[in-house]
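Okay, structure first, notes after.
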Amino acid sequence: MIIQKIVIILKTHKTASSTVLNMLYRFGEEHNLRFALPLGYQLRYPLPFNAHRVKGYRGPRATEFHIMGNHMRFNKPEVEKVMPADTFYFSIIRDPVALAECSFAYYKEVAPAFRKAKGLGDFVDDPNKYYDPRLCNNHYARNLLWFDFGMDNNANFSVELAQHGEAMIRQTFRLILVSEYFDESMILLRHALCWPLDAVVSFSLNARQQKSGSNSVMSGSWVGKAAMLPNLSLTDRQREKLRQWNALDWYLYKTFNRTFWEDIDKFGRAQMEQEVALLRMRREILGRVCLKDGGKPVEAYRIRDKNIRPFQSGVVKILGYELQPGLDNATRTA
Ligand SMILES: Nc1ncnc2c1ncn2[C@@H]1O[C@H](COP(=O)(O)OS(=O)(=O)O)[C@@H](OP(=O)(O)O)[C@H]1O
């Protein structure tokens, strides 16, 4: 089996995709691979991807890139101009309810549909009161996965449409990972790419600080702002309504979740358990070596090295890691 070095991840939003992309960056750097990076901010998102947004692009297949993974709205013909024909396409999905919670918290001030809603529950009780499909950035509020895959997130749900979208995805993407089963996803990915286990060991990035009062990393300044946190609590009925509101995403999630477990059955459940256990062990060892306080994510201001502080958006805090002091350079950059 040959190590696959030419890959694209369609970096869907709020699905743990930054954690995955970070691994691709690490693998690419180790193997001297060339990245298709955005010319400026992002790859034209939320507009459909255009090859000219890639730094160093000089026409169809003029420059061979190995890895592409920044946020984009998928647009196959343009992607094919940048990436070689034997590129391995994959992506990652997340339960639309969890995705909506994360998106609401993160894009509360960015998506007009979320801005006026007091909480996610209010929003979903009457989404049409808040949601105008014509307004920029409202795609964060409805069928965000479907949108990122390049399709119309405002289309009315029908089984035919959903199946058509599914078929388009299957035609191009060899693997769809599932955020809720991140470790199992990493094992499937590493086998599909013939990568060593250590290439898929990672620490979760972009975690959102969850609740006030429940976390030992809380600080005085944070407690003071807790009242501004968006209300994300949902009843079972509201969860169901969220699935209906995001019916296209819900279809994708159910369908590809099924395929994911079929793939695991083909791989072998026992083998999967063994590899997941190994992966977790490697992560724990690395955490003890590299991260302070056993690797517990902390608020950005606690991280002394400003270069590794996580990007912040909205009113929720995005957590990062404080490195173990005194790491030698080789360990630090590995
Ligand atoms: N390994 C792993 N397993 C499960 N979940 C994980 C993992 N890594 C990141 N995350 C969660 O993914 C959310 C951030 O997603 P993204 O990195 O895709 O966000 S972004 O679109 O790039 O801004 C964010 O979710 P929330 O915490 O619910 O906001 C992260 O906690």
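Summary table below
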| read-out | value |
| --- | --- |
| Helices (runs of 4 or more DSSP H) fully within the range 97-173 counting 2 or more residues that are free of Cβ contacts under 8 Å to residues at least 12 places away in the same chain | 127-130, 159-172 |
| Residue selected from the range 28-42 under the condition in a strand (DSSP E or B) and modelled with pLDDT under 95, by the criterion surrounded by the fewest Cβ atoms within 10 Å (Cβ to Cβ) | Gly40 |
| The lone exception for Ile285 - which of (1) assigned to a loop (DSSP other than H, G, I, E, B); (2) free of Cβ contacts under 8 Å to residues at least 24 places away in the same chain; (3) open to solvent by less than 70 Å² (accessible area, probe 1.4 Å) it fails | (1) |
| Where Leu161 falls short, out of the listed (1) closer than 26 Å to Met1 by Cα; (2) open to solvent by less than 60 Å² (accessible area, probe 1.4 Å); (3) away from the ligand (no atom under 15 Å from the Cβ) | (1) |
| Close pairs (9 angstrom Cβ cut-off, 6 or more residues apart or separate chains): more than 23 Å from Trp250 (Cα to Cα) and open to solvent by less than 30 Å² (accessible area, probe 1.4 Å) in the range 15-27, more than 9 Å from the ligand (Cβ to nearest atom) and assigned to a helix (DSSP H, G or I) anywhere | Met23/Leu189; Met23/Ala199; Met23/Val200; Phe27/Leu193; Phe27/Ala199; Phe27/Val200 |
| Residue match in the range 30-37 (condition: under 15 Å from Glu78 (Cα atoms) and away from the ligand (no atom under 16 Å from the Cβ)) | yes |
| Pick from the range 73-93, criterion touching a Lys or Arg at 6+ places or on another chain (Cβ under 7 Å) and crowded, with 20+ Cβ neighbours inside 10 Å, ranking: nearest to Asn22 (Cα to Cα) | Phe90 |
| Residue within the range 58-68 that is open to solvent by less than 60 Å² (accessible area, probe 1.4 Å), over 15 Å from Ile6 (Cα atoms) and modelled with pLDDT of 95 or more present | no |
| The range 231-240, subset in contact with an Asp or Glu (Cβ under 9 Å, 6 or more places away or on another chain) and modelled with pLDDT under 95, residue surrounded by the most Cβ atoms within 10 Å (Cβ to Cβ) | Leu232 |
| The range 43-52 - residue that is modelled with pLDDT of 95 or more and in contact with a strand residue (DSSP E or B) (Cβ under 8 Å, 6 or more places away or on another chain) and, of those, least open to solvent (accessible area, probe 1.4 Å) | Phe49 |
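The values are calculated or read from the model by the stated rules, or taken from the named source; none is laboratory data. Worth saying up front: this structure is predicted, and the values here are computed from it rather than measured. Quick reminder, even Gly has a Cβ in these numbers, built from the backbone with ideal geometry, and neighbours come from all protein chains shown. We work out accessible area using only protein heavy atoms, side chains counted, and drop any ligands, DNA or RNA first. Shrake-Rupley method; radii C 1.70, N 1.55, O 1.52, S 1.80 Å.
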